[in-house]
Each structure stands twice: as structure tokens, then as C-alpha cells.
1. At a Cα cut-off below 12 Å, give the aspartates and glutamates reachable from Lys555, other chains included and same-chain residues fewer than 8 away excluded.
2. Working from Cα positions, state the angle (0 to 90°, nearest 10) between the long axis of helix 153-185 and the longest principal axis of the chain.
3. May I ask you to list the aspartates and glutamates whose Cα is less than 12 Å away from that of Lys162, ignoring any residue fewer than eight positions away on the same chain?
4. Can you divide the C-alpha Rg of region 140-210 by 2.2 N^0.38 Å and report the result to two decimal places?
5. Using a 7 Å offset from the Cα along the Cα-to-Cβ direction at both Glu211 and Thr302, what is the distance between the two label points in nm, to one decimal?
6. For helix 294-314, report the angle its Cα long axis makes with the longest principal axis of the Cα atoms of the chain; keep it between 0 and 90° and round to the nearest 10°.
7. Excluding ligands, DNA and RNA, what is the solvent-accessible area per residue of the chain at a probe of 1.4 Å, expressed in Å²?
8. Per the helix-only calculation at 222 nm, which mean residue ellipticity applies to the chain, given -39500 (n - 2.57) for every DSSP H run of n ≥ 4 and division by its residues, nearest 500 deg cm²/dmol?
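The values are calculated or read from the model by the stated rules, or taken from the named source; none is laboratory data. These numbers were taken from a predicted model, which means no experiment stands behind them. Backbone-built Cβ (ideal geometry, glycine too); neighbour counts: all protein chains shown. The accessibility values were calculated without ligands, DNA or RNA, using every heavy atom of the protein model including side chains. Shrake-Rupley method; radii C 1.70, N 1.55, O 1.52, S 1.80 Å.
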Amino acid sequence: MITHLHIQNYALIDRLDMEFHEGFSVITGETGAGKSIILGAISLLLGQRADSKAVKNGAARCTIEAHFDLSRYGMAQFFADNDIDYDAFDCILRRELSATGKSRAFINDTPVSLAQMKLLGQQLVDIHSQHQNLLLQEEDFQLNVVDVIADDRKLLDQYKQKYNEYRQAERQLADMKAVIEKAANDEDFLRFQLNELTEAHLEEGMQEQLEQEAALLSHAEDIKSALFEADSLLSNGDHSIIEMLKSATRPLSRIADVYPDIREAVERLESAHVEIKDIAREIGSDASRIDFDPQRLEAVNTQLDTIYSLQKKHHVDTVEALIALHNDIQQQLRQIEGGDESLAAQEKLVRETYENSLALAKKLSAERQKAAKRIEQEMQQRLVPLGMPNVQFKVEVNTLADKISQHPTLTPTGIDAVEYLFTANVGSALQPVSQIASGGEIARVMLALKAMISGTVKLPTIIFDEIDTGVSGKIAEKMGHIMKEMGQQERQVLSITHLPQIAALGTTHYKVYKEDTKEGTKTYMRLLTHDERITEIAQMLSGSDITEAAISNAKELLK
């Protein structure tokens, strides 16, 4: 529950520090005093998107911070999962918004994303405003209430996992059909392309080898002439390099014994003689091997032209890419040839995942049917004291089915469509609650639903924002008692109200008011003393001119 709220430089608030207490508290104040401003500030702590216009005029930034006592709600896992320090008795949520529009969020002084703050905020506070009554018109909300009462979260999670497997199998089947259908339409063209690539006899690295061979064949005569010339200089005749090296080595060898310093030079000359003889043999061999072969040159150029043409046609740069394309086309043709078998296997998988999902969906449906009966009984009991003696409330759980096959239709939440039917009048037929209930009736229905849900879901704090709109008198008092009872179930309930019957039931009473100052209009909030509560409730009863009767009435209500 919220133990302390700090707001600074937000809208009309300079600074607000307020302690909050367990149980049922009420917040009152004239229309326009700023109750919605405080509610808006709390909403920012629950992950709502911020607007820089909310920063008080002239301030650089605004800060909203709330301290929560979580000691009775078992929330340690969230903090462990998100690597945030955990203090069960003092959990701090803070939002900072700058005038430039930058927003920062913190949980226990650890920077967090807005999504993380929202996830935690949903577990801490439920703000029920007038517009939330519109949720009663939404099937998702109606189904969610049934699931909460059924306590089927584990089963629902198992179903969702199987449903996702079914949907993935369906998507894969659709993709496979599309690929096979397209490939079948292109089969002749694919076979033509495959033949072209096959006839090219492509091998990795062949393009570089062919280009080197083409260059060699194109310059064969020049190469052969150069080789012959070099061979002649190295080894032919008495004045060849090899013979001259031998001649230079002999006289030096004769003096090596008497002039040892020359021995290294002799060894190097002998080594050079051996190396050059070896080079001369290689050059002579190359010269005899290389011949100009116009036919081979033509064949090489033809093969290169084929490679270049295929690369241009298929918009690739390498033979390796052409080989990959060849393999891909082969695979497509294999899919066409084995398409029926692959389709049959995938269709079998779709049927199996559908049946697995359907089995869990039917279990879910059975749990929801039981919960629906419980909701009907409990809502009847809760609504009769709220001024609806003839109320009928029914929860219809219908199976969604395909119009053609009549097979149950799977959805992300199962096979069920939930609708709340309602009538408050004798002899009137049950109809969807959103179509026939008045504003005051919807408010009472929603309060009864929230009271019922709160018995199952341990939510630390619930804030009712003028849920009493459209009701008055004894009915308002009954609604107040329901909220008070909710506040006695280890939770904190705050009610923003304009009705004295509800205001008098609060364990603590806060007043929001505004004052005009030289700096502008400012909003304040304070905890009322017992005597101040009498005055406030009397004013709510009689208006600005407080009468003795109103004061007496206020005292009586507070008893």
C-alpha cells in the first residue's frame, strides 16, 4: 500500500507531502480543486506516458515519488527478475519529468524502463475511474473477470503455449503452400535455369584458374621467347652464366688453403652455381612445355564467356554464388517433386497441435462455466443491497465455432465468448449489461465486480475516482460500506467522492483545495481532523452556508 506521496512542481502543485494509511480513506474537495491532478501524478508512477506540459510553469522539472509497504504481498520475485534491490517495507517508485520532455523512472533508486515501472505499477495500484466503467462493454474485460474468479492462470498459460505452437504450425503450412504453388508455376523456368547452370560444369575456384590460363595462352609466344632467351644466357655456350661462375670459382678454390678468408666467397659461388643450374633447368623445361594452342584458348574463352553471362544474368559476382543458386533451384524442384509428402506431414502437425490446444481450451471452458455460476450468485447477493431488489445477472459462456465446419474456433484466450446479461426490472428480458444499464447501475455493477475480484486478487491499493456518480442516499451509503469492507481485507482503498454518505465512512479523510496567490493558483492537500471532517461533511450536505442541521447531520453520519 502507499505509505507516503511526494509531489513537486507538478501542474498546480508546488510541493505536496502526504502520509497515507491502511483501510478505507476518502478524498473530497470542490470540483476543479485538483483531485484529478493528484490522481494524474499517481498515474505517472504506474507507467503512464508523461506530458512536459504537466511540469509547473517556470520549473525545470517535476518529481513524483511514492513509498509502498509490500510486506504482505509476496512481490520479491519481480525485483529478483529485474535485478532491483528489494525492501518489502519501503519500496520507492519515482518519476522525474523535465520541462524539455525528458522522463526518467526509478524503482528503489535503480533506473528502469517505463515498461518495467508499468509492470510493477499494475501489481501495486488499481485506479478505477468513471471511464473505466466503459470496460464493462468489452468482451476481453468480461472474460478476464471470469478467469480471475476461476483462478485458471496456470491452465491459461499452458493453453497459450499450445495455441502458439498451433498458430506457428498453421503459418508454416501456409508458407509451404505458397512456396510450392509458386515453384510449381515456375517449374519449367526453374528446370531451364538448372540445365544452364549444370551444363556450365561449375567448380569452386575455376574462374580464377581459367582467367590465368587464358592470360597464359594469349601470350604464349612472348613467354616462350623470353624463356628461350633466358635459358641461352644461363646455360648455352662457354660464355654462359653457369660456365662463367665455374671459371670464377676455380682460381679462388686454389688459394683457399693459403687464404682462408676467401673460403666463404667460394662456398657462396658454388651455392649460386648450383641454384642457377637448377633455375636454368626449370626455365628450359617451361620453354619446351609452353606452346601456343589456339583451340585451347578458344575453349577457355568460351567457358569464361559462359561464366560471365551467367553471373550477369543472375546478378552475382562469383562462381560460388552460381553454385549456391544451382543448389537452391535443385532444392525448389525437390520440394515440388516431394511437395505432397511435405504438405501431408505439415497438415498432420497442424491437426495435432490443434487437438492439443482444443483439449486444454475445453478444460478452460469447463472452469469458466463453474466460475460463471459463482459470479452470477455472488453478483446477485452484492447488487440487491445496492438498490436492485429485482436484479438478474447472468454470465453467458458460449463456444466460438467455425460457421462452415462447426469446429470450435481457437483464439489466444481459448474457445469462449463471454457476455454479461443484466436486468434490474421485473418482467424485463435479460440483455447485454452495456446496452440497458444506466450510468448509476453500471457504477454499482462495476463496484460489485471489483469487490468480488478483490477477494481473489491481492492488490495492495485500489483508488475509486468518483465511482459514486449517478447514485445518492442509502445506495451511496451501501457503496461506501462495500469499499470500507474492501479496505478491511489487508488492502488500502481510497475513494475520491462528492457524497457525504461515503465521505463519512472513511477511516481517514483528506481534502484537496486550491488557493489563489500572487504566484498563481496552487493546489494543496491535507489530512482533516475530526472537527474539520464535521465541517467538510456539513458543507457537502448543505453547500457553502453551513447550517446547524447540516452540522448535526454530519456528526450523525460520522457516528
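1. Partners found: Asp531, Glu532, Glu536.
2. The angle comes out near 40 degrees.
3. List returned: Glu352, Glu355.
4. Numbers: Rg = 25.7 Å, N = 71, 2.2 N^0.38 = 11.1 Å.
Dividing the Cα Rg of region 140-210 by 2.2 N^0.38 Å gives 2.31.
5. Roughly 2.3 nm, to one decimal.
6. Approximately 10 degrees, to the nearest 10.
7. Numbers: 30400 Å² over 559 residues.
Result: 54 Å² per residue.
8. Working: 19 runs with 303 residues, N = 559.
Theoretical 222 nm ellipticity from helices: -18000 deg cm²/dmol.
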